[in-house]
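The values are calculated or read from the model by the stated rules, or taken from the named source; none is laboratory data. What you are looking at is a predicted structure, and each value in this text was computed from that prediction instead of being measured. Glycine also receives a Cβ, built like all others from the backbone with ideal geometry; neighbour counts cover every protein chain displayed. Accessible surface is based on the protein model in full, side chains and every heavy atom, while ligands, DNA and RNA are left aside. Shrake-Rupley method; radii C 1.70, N 1.55, O 1.52, S 1.80 Å.
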There are 2 protein chains.
Amino acid sequence: MPILGRRDHIIDVAIRLFCEHGFHATGVDRIMREAKVSKKTLYNHFRSKDELILAALQQHDSVFRNNFVKDVEQLANTPEGQLIAIFDAAEAWFSKQNFFGCMFVNVVGEYSDPTSPMRDVSRNFKQMIWRYIVSLCVEAGAKNPEKLANELALLFEGAIVTAQISGSALSASTAKNVAKQLLAANLAKKADK
Amino acid sequence: MPILGRRDHIIDVAIRLFCEHGFHATGVDRIMREAKVSKKTLYNHFRSKDELILAALQQHDSVFRNNFVKDVEQLANTPEGQLIAIFDAAEAWFSKQNFFGCMFVNVVGEYSDPTSPMRDVSRNFKQMIWRYIVSLCVEAGAKNPEKLANELALLFEGAIVTAQISGSALSASTAKNVAKQLLAANLAKKADK
DNA sequence: GGCAAGGGAAACAGATCGGTTTCCTTTGAG
DNA sequence: CTCAAAGGAAACCGATCTGTTTCCCTTGCC
């Protein structure tokens, strides 16, 4: 009912439908039906479907990263521990009923133009995740934090897609296992403390 | 003109368009226009668009794996070398002009029903790649070939998606670097020969 | 030459797409 | 109470979707 909540509500419904069925397959009629708003209201808040898609991506970008970082910080309180906890948080994510892979991976499969604003948001999301991992690597005292972050981000990405296709969350522990080896090889020993 | 080549030609065009623009966004009108066949001919070979999608996925499954294995075998002639060469072949793949990510990753973003035949083909493709890696790990004398293959497949998957989103082929060498470390840790030393 | 089969072009069908407009009701602030 | 703004329901628009059908022309085979 509150005016300010309407827009966010539409975006929430749109995110859910886009994640589950894709972007082209999800019509505005269905979004408006499930959000229980009229088409007039929807187009009062968004000039076009593309603008709604973009708003959904940006909202999901913000919310997902915020929650993910919070989850990781709740699972461990040292930088090394948090780098590993990323994969525990991932496993919990993969195990959710409404897990349909990464929205930002799914969107690039439907919009191939590299100058598309959807791809900009997608690239930006992955870069933000990477920077987060870099910052943890720096705190953990990695010799080459950016290189280590590249490797950990790659494992993360691979685990997400593998979980999506296989329908199993096992890939998270596979990635976690490799991550542990990478940390052992790239982090200063505790003796250095 | 040959009757037998028509069906394959339609499939080839469909694969190209599905990879570049996605499945829902690619209409049969466009496929038929670019394949230079009439709609009658198209529906004479395929009962529905879904059947064409399925045929395209199966064809791509077969052709891609065949070519990929051939590329790997051309790049190295030992099992250890081939396990590494996977990522060199990947880099060449990522660098192609018409690289739009993995068709089987893209398709699961548009068809979320786990019982969908499209997802069956996708799962099967990833499993075939995994089995190929397992066989190389066995030949290379890995202690736990299936576990090592899980890890290498994860790196492979992560490299593909990262290349697709970033638009850069650098992820291949990142994955290759990690793969080398994994092989060094999991393969019997040369002294054992 | 004649003839059946296949294919091309295009009309057609019914549904759905994104998006606009109309009309009427609700609602909140002065 | 009044009145303007906002929202809901639904008609409407033109375009596009998958899929079917019609008509005509080519082509290969006997």
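Values as computed for the structure displayed
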read-out	value
Global geometry of chain A, whether rounded, prolate or oblate, following the gyration tensor of its Cα atoms and the 1.5 cut on a/c	prolate
Separation of alpha-carbon centers, the stretch A:70-87 and the stretch B:49-107, rounded to whole Å	35
Relative contact order (percent, whole number), the stretch A:1-99, Cα cutoff 8 Å, 6+ residue spacing	24
Dipole of the stretch B:3-188 [Lys/Arg +1, Asp/Glu -1 at C-beta], most positive-end residue of B:Asn77, B:Asn66, B:Leu170	B:Asn66
Solvent-accessible area buried by pairing B with A, both sides, nearest 100 square angstrom, 1.4 angstrom probe	2900
Relative contact order of chain B, pairs being alpha-carbon contacts under 8 Å that are 6 or more residues apart, as %	21
Anisotropy class of the protein assembly as shown from Cα gyration tensor, a/c 1.5 cut	oblate
Order by protection proxy (mean Cβ within 10 Å, highest first), peptides A:160-173, A:30-43	A:160-173, A:30-43
Shielding by partners - mean other protein chain Cβ count within 10 Å, residues of B:19-28	4
Computed [θ] at 222 nm, helices only, for chain B once each DSSP H run of length n ≥ 4 contributes -39500 (n - 2.57)	-25500 deg cm²/dmol
Size of charge dipole - chain A - debye, nearest 20, with Cβ of Lys, Arg +1 and Asp, Glu -1, no other charges	260
For B:Ser122, net neighbour charge (Lys/Arg +1, Asp/Glu -1) across residues whose Cβ lies under 14 Å away	-1
Dipole-positive endmost among A:Leu182, A:Ile133, A:Phe99 within the stretch A:58-192 (Cβ charges, Cα centre)	A:Leu182
Global geometry of the stretch A:63-159, whether rounded, prolate or oblate, following the gyration tensor of its Cα atoms and the 1.5 cut on a/c	oblate
Partner chain coverage, peptide B:147-155 - average Cβ within 10 angstrom	5
Helix runs (DSSP H) in chain B reaching 30 Å along axis by Cα, Kyte-Doolittle at least -1.0	B:49-75, B:117-139, B:145-166
Lys, Arg +1 and Asp, Glu -1 on Cβ, resulting dipole of the protein assembly as shown about Cα centre, debye, nearest 20	340
Other protein chain Cβ atoms within 10 Å, averaged over every residue that makes up B:166-176	2
Alpha-carbon centroids, the stretch A:143-193 and the stretch A:1-47: separation in whole Å	36
